[in-house]
Amino acid sequence: MQGIAIRQPGSWQAAWARIMSMAMPWLLCACASSAPTQPREVLDESSGVTLIVTQHPMVFARPRVDVAAHTRDYVTLVAAEEDRSGKYTAWLIAHRWSTVDPRMENTTDPAKPQLHIIADDRDLTLTRAEPAPGFLARSDLLFAPHAAGAQSAAYAVDEATLRYIASSSRLLVRADADALTPAYTLWDDGRAALQSLLSAVGSPSAVGLR
C-alpha cells in the first residue's frame, strides 16, 4: 500500500539502544556526582573552632533479637579534623544508640571509656576524651542520632590510624562499657568519605586550610 510506512520489527528498539549507549556515560557521571563524598568545612561559632567533617559516617550495628524482632544497637562513627587557631587534631566521634526501648536496657557502664575498632588483624583501642571537646555539643554537625538514650563521645586519634581504618577490608566495633559480647558489624559503609576527608586535609588546595 502506498502512503503507509512499514517499520521493520525491532527498529525502534535498536534506535533506543543506540541513544542509551551514547547517554550512559553522562548518566553515570550524574549519578556519581549526586552522592558527594567531599568533607564539609564548618565553623563552630561558640568556640571559634573550624571542623572539617566527613560527608558520610560509618555506621555499625548488631541485631537485638533477644529483646524484640527487628531491633538493633548502633554505633555511628564520624571522623573530623579540628582546626584551633592553626593547631590541628583528628577526632573520631562515636554515637551509641539503639532502637531498643531504653526502659528495657541497662547494659552500659560509663566508667569504662575505651572503644575498640577491630580493623583486619589489629585491635585499635581508643580512650574517650575527658573533658569532652566543646564541639561535641554540636550534634547538628556530627550526625548525632535522634534516639532516646543516645550517648556520644569523642576520641582523639592520629591520621595514620584513620588511614588504616579507611583502607581496612574488615571492620568491627566493641565498647568496654557494653555488657553484651557481640561486636558491631559494618552496616553503612562510609570508608570512601573517610578517604576523601584524609585526602582533603592532606592537600592545601583541597580545603584551603593548610
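Just so it is clear, none of the values below were taken in a lab; they were calculated from the coordinates. It should be emphasised that the depicted structure is a prediction, and the values quoted were computed from it without experimental measurement. Note that we place each Cβ from the backbone using ideal geometry, even for glycine, and neighbour counts take in every protein chain shown.
Here are a few things to note about the model shown:
- Förster radius 30 Å - calculated FRET efficiency between A192 and D66 (Cβ-Cβ, nearest 0.05): 0.35
- By the beta-carbon count within 10 Å of each Cβ, the least crowded to most crowded order of T181, T99, T54, fewest first, is T181, T99, T54.
- Order of S169, S46 - criterion: other Cβ atoms within 10 Å of each residue's Cβ, fewest first: S169, S46
- Within segment 35-83, GluC sites (Glu not before Pro) in DSSP loop having at most 14 other beta-carbon neighbours inside 10 Å: E45
- Computed log₁₀ I(q)/I(0) - Debye formula, equal Cα scatterers, no solvent, segment 40-204, q 0.09, 0.11, 0.13, 0.14 Å⁻¹: -0.29, -0.43, -0.61, -0.71
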